[in-house]
Amino acid sequence: MTLWFLARALGMVALLGFTASVCLGALASSTGRGSGAHEQRAVRQLAHRSVALTALAALVLHVGLLVLDTHVDVPLTSVVVPFTSGFAPLAVGLGALAVWAFVAAALSGLSRGRLAGSRVSPLVWRTVHGSAYVGWLLSMGHGVLAGTDTGRAWATVVYVGCALAVAGVAALRILARPRRTTVLTDSVPPHRVLVRGGSR
């Protein structure tokens, strides 16, 4: 049962880590103002990457302990092929999809420097890296459905707190986007051209 308890704890650590990483990533991508805006953004990006790596390490340990533990039937193949687990196939399947989404986001983060100079790549990069939001949502579903502690007061506080944090930061990011303004100009009336002897 020791592996089972450790796996559960690491699952919560991973969820908290990915929640913090998603929030820091959203804040790091926002454009600030002032002389220290560039330095603040660099610090946020560094914190975002550090927390993401910590969360990934907790996720790997969480999955590894579940595979090794005999208390539940979660073979390694169920991580590769979602919804094939003998234990809670729907919940574990959501967790497997979350793993793939986080891996895609992490790989896109590592390749950001190489894609920075391309015209098409930044849009592709943002789309792939945005899979972290999908992974976070899937991990929330996985935790609520498969978590042994779901329903306990402290677990409810964790889930609600994570949801409010991501929703709040996402709302701030949307509100902080510069709005495109369309300048409407009145039609200029035709000028009368004055010529000698009259006008036309």
Here's a check for you: in the range 105-123, which residue that is surrounded by fewer than 18 Cβ atoms within 10 Å (Cβ to Cβ), under 22 Å from Leu53 (Cα atoms) and of a type in the set (A, V, I, L, M) is modelled with the lowest pLDDT? Ala116
Single unsatisfied condition, Val67 versus (1) part of a helix (DSSP H, G or I); (2) under 25 Å from the mean Cα position of the chain (by Cα); (3) over 12 Å from Gly17 (Cβ atoms): (2)
Quick one: which of Val74, Val63 is of a type in the set (Val, Ile, Thr), under 15 Å from His142 (Cβ atoms) and touching a residue at least 24 places away in the same chain (Cβ under 8 Å)? Val63
For the range 1-58, which positions are at pLDDT below 90 and among the aromatic types (Phe, Trp, Tyr)? Trp4
Has the range 87-98 got at least one residue that is part of a helix (DSSP H, G or I), at pLDDT below 90 and within 25 Å of Gly168 (Cβ to Cβ)? no
Yes or no: Leu138 part of a helix (DSSP H, G or I), under 21 Å from the mean Cα position of the chain (by Cα) and surrounded by 15 or more Cβ atoms within 10 Å (Cβ to Cβ)? yes
If you scan the range 80-96, which residues turn out to be closer than 13 Å to Ala146 by Cβ and aliphatic (A, V, I, L, M)? Ala88, Leu90, Ala91, Val92, Leu94, Ala96
Considering every residue within the range 113-125, establish whether at least one is among the aromatic types (Phe, Trp, Tyr) and out of contact with any Leu (no Cβ under 7 Å at 6 or more places or on another chain). no
Answer yes if at least one residue in the range 47-58 is hydroxyl-bearing (Ser, Thr, Tyr) and buried (at least 16 other Cβ atoms within 10 Å of the Cβ), and no otherwise. yes
Looking at Ser50 and the list (1) out of contact with any Gly (no Cβ under 6 Å at 6 or more places or on another chain); (2) closer than 21 Å to Ser21 by Cβ; (3) among the polar types (S, T, N, Q); (4) in contact (Cβ under 8 Å) with a residue 12 or more places away in the chain, which single condition is not satisfied? (4)
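So that you can scan it fast, the table gives a plain yes or no per residue for (1) farther than 21 Å from Gly25 by Cα; (2) hydrophobic (A, V, I, L, M, F, W, C); (3) at pLDDT below 95; (4) surrounded by fewer than 16 Cβ atoms within 10 Å (Cβ to Cβ):
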| residue | (1), (2), (3), (4) |
| --- | --- |
| Ser85 | yes, no, yes, no |
| Ala101 | no, yes, no, no |
| Arg126 | no, no, yes, yes |
| Ala170 | no, yes, yes, yes |
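The values are calculated or read from the model by the stated rules, or taken from the named source; none is laboratory data. Worth saying up front: this structure is predicted, and the values here are computed from it rather than measured. No Cβ is skipped: glycine too gets one built from the backbone with ideal geometry, and neighbour counts run over all protein chains shown.
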